[in-house]
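**Student:** The structure's right below; bear with me while I get my questions together.
The values are calculated or read from the model by the stated rules, or taken from the named source; none is laboratory data. Just so it is clear, the model here is predicted, and its values are computed rather than measured. Heads up, the Cβs are rebuilt from the backbone with ideal geometry, glycines too, and the neighbour counts pull from every protein chain shown. Accessible surface areas use protein heavy atoms only, side chains included; no ligands, DNA or RNA. Shrake-Rupley method; radii C 1.70, N 1.55, O 1.52, S 1.80 Å.
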Amino acid sequence: MTIQWFPGHMAKARREVTEQLKMVDVVFELVDARIPLSSRNPMIDDIVKQKPRVVILNKKDMSKQSETDKWMQYFKNQGFYPVQIDSKHGKHLGELMKAAQAATKEKFDREKSKGLRPRAIRAMIVGIPNVGKSTLINKLAKKSIAKTGNTPGVTKKQQWIKVGKELELLDTPGILWPKFEDQTIGKKLSLTGAIKDSIVHLDEVAIYGLNFLIDNDPEKLKQFYQIELNEEDEVVDLFDQIGRRRGMLKRGNEIDYESVTELIIRDLRNAKIGNYCFDIYEEMKDGLYETKEH
Ligand code: G4P
């Protein structure tokens, strides 16, 4: 489901998350490991403020490991507790528990020194749509909890899910908006399925994807679609080659560009061509450290 984020919705989503935050010791900020920066809510630091934060790079199974490792270090340097997991297959959830403990250690030590009884850590998940919030909640709960729907403002009575003895998780995630004003980010969000419909033009998304492959993995691109890459080729020539190879033709032997576009996007979204991280650390790092201190 695509959310139309209007200022009113954004304000309401923010208010809801701010309310929920009061109930928790730690925030699990979920991002897509393929776009660890572009899949963040632009106001997340303002919203979460000083609350301890575990940044979860989810869908690690579809990202490029060496890039994910660089982003892990980046988030660590920012004072967060990053982990990389694969919610769909329930992998590395133990590391998430460890990170939650590390993030809350100070608070719990303080409580202990005041003579308070040990208790479970309380956490909530926040993130933009489609980064895997429901999948993670269900995995941690070890059962299927109905999805609230990606609609901010749809409230229901919140409940705590017990995850072992040590963690209690709010069953309703905080859904925040992505940074959609930036065209490049919009394309990356579309390529990873965070935005499924046409906030950005799909042909531009496919072109972006092909250019990414030409720059970062040309051999795989050639091999996967059985095409040739020649110096003088324009990206549109690659659409032609792929269309012909796959028999995506219309009447009169014309290339069916719409089908080729959908194919390229689908293959990238599902990591069929390879595992990629579209936020390339080396290319983005210069602008990074201007961000706020915590
Ligand atoms: P949300 O609550 O944040 O909106 O996201 P949700 O859990 O609905 O997950 C969005 C999509 O991402 C789902 O795929 C889900 O299976 C997939 N996903 C979540 N975590 C991971 C992960 O760690 N690895 C991989 N590979 N995929 C993950 P879908 O295509 O919408 O549904 P389905 O085909 O899986 O049923």
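**Student:** Give me the net charge of Glu282's neighbourhood, meaning all other residues with Cβ under 14 Å from the Cβ of Glu282; Lys, Arg count +1, Asp, Glu -1.
**Tutor:** Summing Lys and Arg as +1 and Asp and Glu as -1 gives -3.
**Student:** Now for a different question. Given R₀ = 25 Å, FRET efficiency for Glu219-Lys142 by Cβ-Cβ distance, to 0.05?
**Tutor:** E between Glu219 and Lys142, to the nearest 0.05, is 0.05.
**Student:** Could you check how much of the accessible area of the chain is carbon and sulfur, as a whole percent, using a 1.4 Å probe?
**Tutor:** Answer for the chain is 48 percent, counting heavy atoms of protein chains only.
**Student:** Another question about this same structure. Under a point spin-label approximation (7 Å from Cα along Cα-to-Cβ), what is the Glu254-Lys165 distance to one decimal in nm?
**Tutor:** 7.0 nm
**Student:** Report the gain in length on full extension from Ala271 to Asn211: 0.36 nm times residue separation, minus Cα-Cα distance, nm rounded to one decimal.
**Tutor:** 20.0 nm
**Student:** In percent, how large is the relative contact order of the chain, given Cα pairs closer than 8 Å and 6 or more residues apart?
**Tutor:** 22 percent
**Student:** Which residue, Leu210, Leu96, Leu116, has the most motion in a Gaussian network model of the chain that connects Cα atoms within less than 10 Å?
**Tutor:** Residue with maximal mean-square fluctuation among Leu210, Leu96, Leu116: Leu116.
**Student:** Hey, what angle do you get for helix 7-21 against the long axis of the chain, alpha-carbon based, 0 to 90 degrees rounded to 10?
**Tutor:** Around 40 degrees separate the two axes.
**Student:** Applying 1/(1 + (r/R0)^6) with R0 = 22 Å to the Cβ-Cβ distance of Gln65 and Leu229, what FRET efficiency is obtained, to the nearest 0.05?
**Tutor:** Rounded to the nearest 0.05, the efficiency is 0.30.
**Student:** Relative to the present Cα-Cα distance, how much length would full extension add between Lys105 and Lys76 at 0.36 nm per residue of separation?
**Tutor:** Difference between extended and current length: 8.8 nm.
**Student:** Do any trypsin sites (Lys or Arg not before Pro) in segment 206-294 lie in a loop, going by DSSP, with at most 10 other beta-carbon atoms within 10 Å of their beta carbon, and if so which?
**Tutor:** Lys292
**Student:** Now, a different point. Once both axes come from the Cα atoms, what is the angle between helix 93-113 and the longest principal axis of the chain, in degrees from 0 to 90, rounded to 10?
**Tutor:** Its long axis makes an angle of about 30 degrees.
**Student:** Near the amide H of Gln84, under 5 Å away, which other amide H atoms are found, from residues 5 or more places off or on another chain, if H is placed in the peptide plane?
**Tutor:** Residues meeting the criterion, in which the H sits 1.01 Å from N, are Leu57.
**Student:** Mind checking the per residue accessible area of the chain for me, 1.4 Å probe, whole number of Å²?
**Tutor:** That works out to 52 Å² for each residue.
**Student:** Could you pull out which residues in segment 205-224 have an amide N less than 11 Å from a spot 7 Å beyond the Cα of Arg245, following the Cα-Cβ vector?
**Tutor:** 219-224
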